[in-house]
Amino acid sequence: MNRFSIVIALFGGMWLAATVSMAEAAPCLIVTLTGTQAGPSVFNGQAGAGTLVRYGDDSNDCGAMKLQFDAGRGTNMRLSQIGVSPVELNAIFFTHMHGDHTEGFADIIMLRWYLKGPKLDIVCSSDAVSVLGFTNSCRKFVMHIADAFLQSGEIAERRSEDNTRVAGGPADLANVITFDPKDEPQVVWSSGDVKVSAIRSTHIAGHASYRVDTPAGSVVVGGDAGNDVLAPPRTSSTSDQVERLAKGVDIIVHSTTHPVLGPDRGSGFPPFGFYRQSETTDLGAMAKRVGAKHLMLTHLAPSIGAVRHNRWNVPGGPLTEADYRKAVEAGGFTGNTIVGTDLASLRFPAK
Ligand SMILES: [Zn+2]
């Protein structure tokens, strides 16, 4: 082989290697609804609200990073169905301190501690005093998450079996990162080329909505956000801040309440509960305005097929998936709508 052909061979090989690694390393994102139940009730085995965002590339099935947003009842069960151990989570973000978004956390952190997983970032808003005078505290919630298991003796008992488990119990695994929610997006967590921003939104004191930006795409997790104006007349039931956060985003995941539960329909559902959420039609309109490609509805009130929502009858009988889809389309959204069921997933970009 003369020198010229060696150069060709080297160059050719490098080109081939670069092409192969680029093909293998195409970044991707998978958004999975780990629970779609709205509110304290339980219906038909649905898990409490939560969203798993996985990011990586084709070589690791988009799973190099795993971020959990809210962790309602049964989150760990849903994660187990897609082969995700609580040990693998990189961070958990909470939108607010309502049980339907937090009840599954004890299960996750207990098992992570039992399995001797590493410390876990818990990201949420700092203590927030409500207009009624009480304080919503994510920090205290996390720091006291395993108190019952300390009191029962279990933590001491399991440490006696294996004293390499963290001494203070599951809460000591949590690295709590709090922030003061603002009306403009602020970066609250980042790792490598993944950035998570938060914005203040209205539901209860301390509520925040999140946006994840990755080289593969972006997703907004709105939580239970509603408009700052708590009742009509107002331009929309959706949050102006979430809309700002969602400008140009690929995917919106958002709780929603169907107009059928509105005070004008006579279900008896309390108006304050109805008005502090985003109505389905308004969400469709917001998704259109920000240019989102996908809208994933979750935390559906009422649940599909439910005769009652919590304690109130659904006027006209149970809703279907088509009813939610119709409500989104009435808002003008022509992108892809996913009416959430537990473990509904979206890969971005599509394969
Ligand atoms: Zn909720």
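The values are calculated or read from the model by the stated rules, or taken from the named source; none is laboratory data. Everything numeric in this text was worked out from a predicted model, so none of it was measured. Note: ideal-geometry Cβ built from the backbone for every residue, glycine included; neighbour counts use all protein chains shown. Heads up: the accessible areas ignore ligands, DNA and RNA and are worked out on the full protein's heavy atoms, side chains in. Shrake-Rupley method; radii C 1.70, N 1.55, O 1.52, S 1.80 Å.
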Being touching a helix residue (DSSP H, G or I) at 6+ places or on another chain (Cβ under 6 Å) and basic (Lys, Arg) is the filter here, so list the residues in the stretch 64-116 that pass it. Lys66, Arg112
Has the stretch 227-247 got any residue that is surrounded by 16 or more Cβ atoms within 10 Å (Cβ to Cβ) and within 21 Å of Thr341 (Cα to Cα)? no
Subset of the stretch 82-101 that is within 13 Å of Gly63 (Cα to Cα) and open to solvent by less than 10 Å² (accessible area, probe 1.4 Å) - its residue that is nearest to the ligand (Cβ to nearest atom): Leu89
For the stretch 119-173, name all the residues that are polar (S, T, N, Q) and over 28 Å from the mean Cα position of the chain (by Cα). Gln151, Ser152, Ser160, Asn163, Thr164
Residue count, the stretch 153-162, condition open to solvent by 70 Å² or more (accessible area, probe 1.4 Å) and either modelled with pLDDT under 95 or acidic (Asp, Glu) (or both), comes to 2
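Scan the stretch 62-81 for residues that are more than 18 Å from Val219 (Cα to Cα), open to solvent by 10 Å² or more (accessible area, probe 1.4 Å) and in contact (Cβ under 8 Å) with a residue 24 or more places away in the chain and report the count. Can you show your working first?
Here is the first cut: in the stretch 62-81, the ones more than 18 Å from Val219 (Cα to Cα) are 72-81.
Within this subset, residues satisfying the condition of being open to solvent by 10 Å² or more (accessible area, probe 1.4 Å) are 73-74, 76-78, 80-81.
With the extra rule that they be in contact (Cβ under 8 Å) with a residue 24 or more places away in the chain, the set shrinks to 73-74, 76-78, 81.
Selection size over the stretch 62-81: 6.
So which residues in the stretch 173-226 are within 16 Å of the ligand (Cβ to nearest atom), in a loop (DSSP other than H, G, I, E, B) and buried (at least 17 other Cβ atoms within 10 Å of the Cβ), if there are any at all? Don't jump to the end; show me each part of the working.
Initial filter on the stretch 173-226 (within 16 Å of the ligand (Cβ to nearest atom)): 201-210, 221-226.
Applying the additional criterion that residues be in a loop (DSSP other than H, G, I, E, B) yields 201, 203-207, 222-225.
The answer is Ser201, His203, Ala205, Gly206, His207, Gly222, Gly223, Asp224, Ala225.
I need the full set of residues from the stretch 117-139 which are over 19 Å from Lys182 (Cα atoms) and either aromatic (Phe, Trp, Tyr) or in contact with a helix residue (DSSP H, G or I) (Cβ under 9 Å, 6 or more places away or on another chain) (or both), in order please.
Step one: list which residues in the stretch 117-139 are over 19 Å from Lys182 (Cα atoms), which gives 117-121, 132-134.
If the condition is that a residue be over 19 Å from Lys182 (Cα atoms) and either aromatic (Phe, Trp, Tyr) or in contact with a helix residue (DSSP H, G or I) (Cβ under 9 Å, 6 or more places away or on another chain) (or both), then Gly117, Pro118, Lys119, Leu120, Phe134 are the ones that fit.
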Residue count for the stretch 229-260, restricted to those that are part of a loop (DSSP other than H, G, I, E, B) and hydroxyl-bearing (Ser, Thr, Tyr): 5
Read through the list (1) over 26 Å from Phe134 (Cα atoms); (2) touching a residue at least 40 places away in the same chain (Cβ under 8 Å), then give the number of the only condition that Ala198 fails. (1)
Restricting attention to the stretch 178-194, the residues that are among the hydrophobic types (A, V, I, L, M, F, W, C) and in contact (Cβ under 8 Å) with a residue 60 or more places away in the chain number exactly 3
Among the listed residues Pro259, Pro233, Pro263, identify the single one that is touching a residue at least 24 places away in the same chain (Cβ under 8 Å) and either away from the ligand (no atom under 16 Å from the Cβ) or under 15 Å from the mean Cα position of the chain (by Cα) (or both). Pro259
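Yes/no matrix, rows are residues, columns are (1) more than 16 Å from the ligand (Cβ to nearest atom); (2) open to solvent by 70 Å² or more (accessible area, probe 1.4 Å); (3) of a type in the set (Asp, Glu):
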{"residue": "Gly104", "(1), (2), (3)": "no, no, no"}
{"residue": "Lys116", "(1), (2), (3)": "yes, yes, no"}
{"residue": "Leu120", "(1), (2), (3)": "yes, no, no"}
{"residue": "Val129", "(1), (2), (3)": "yes, yes, no"}
{"residue": "Leu132", "(1), (2), (3)": "yes, yes, no"}
{"residue": "Met143", "(1), (2), (3)": "yes, yes, no"}
{"residue": "Gln151", "(1), (2), (3)": "yes, yes, no"}
{"residue": "Val166", "(1), (2), (3)": "yes, no, no"}
{"residue": "Gly169", "(1), (2), (3)": "yes, no, no"}
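Being more than 20 Å from the chain's Cα centre (by Cα), over 9 Å from Pro170 (Cα atoms) and of a type outside the set (A, V, I, L, M, F, W, C) is the filter here; which residues of the stretch 100-118 pass it?
Initial filter on the stretch 100-118 (more than 20 Å from the chain's Cα centre (by Cα)): 110-111, 113-118.
Adding the requirement that they be over 9 Å from Pro170 (Cα atoms) leaves 115-118.
Within the stretch 100-118, Lys116, Gly117, Pro118 meet the criteria.
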Residue hits (the stretch 276-309; buried (at least 17 other Cβ atoms within 10 Å of the Cβ) and either without any contact (Cβ under 8 Å) to a residue 24 or more places away in the chain or among the polar types (S, T, N, Q) (or both)) are Gln277, Ser278, Thr280, Thr281, Thr298, Ser303
Is at least one residue of the stretch 337-348 over 25 Å from Ser197 (Cα atoms), among the β-branched types (Val, Ile, Thr) and not in a strand (DSSP E or B)? yes
Can you pull out the residues in the stretch 25-70 that are within 12 Å of the ligand (Cβ to nearest atom) and either part of a loop (DSSP other than H, G, I, E, B) or closer than 17 Å to Ile109 by Cα (or both)? Thr36, Ala38, Gly39, Pro40, Ser41, Gly48, Ala49, Gly50, Asp70
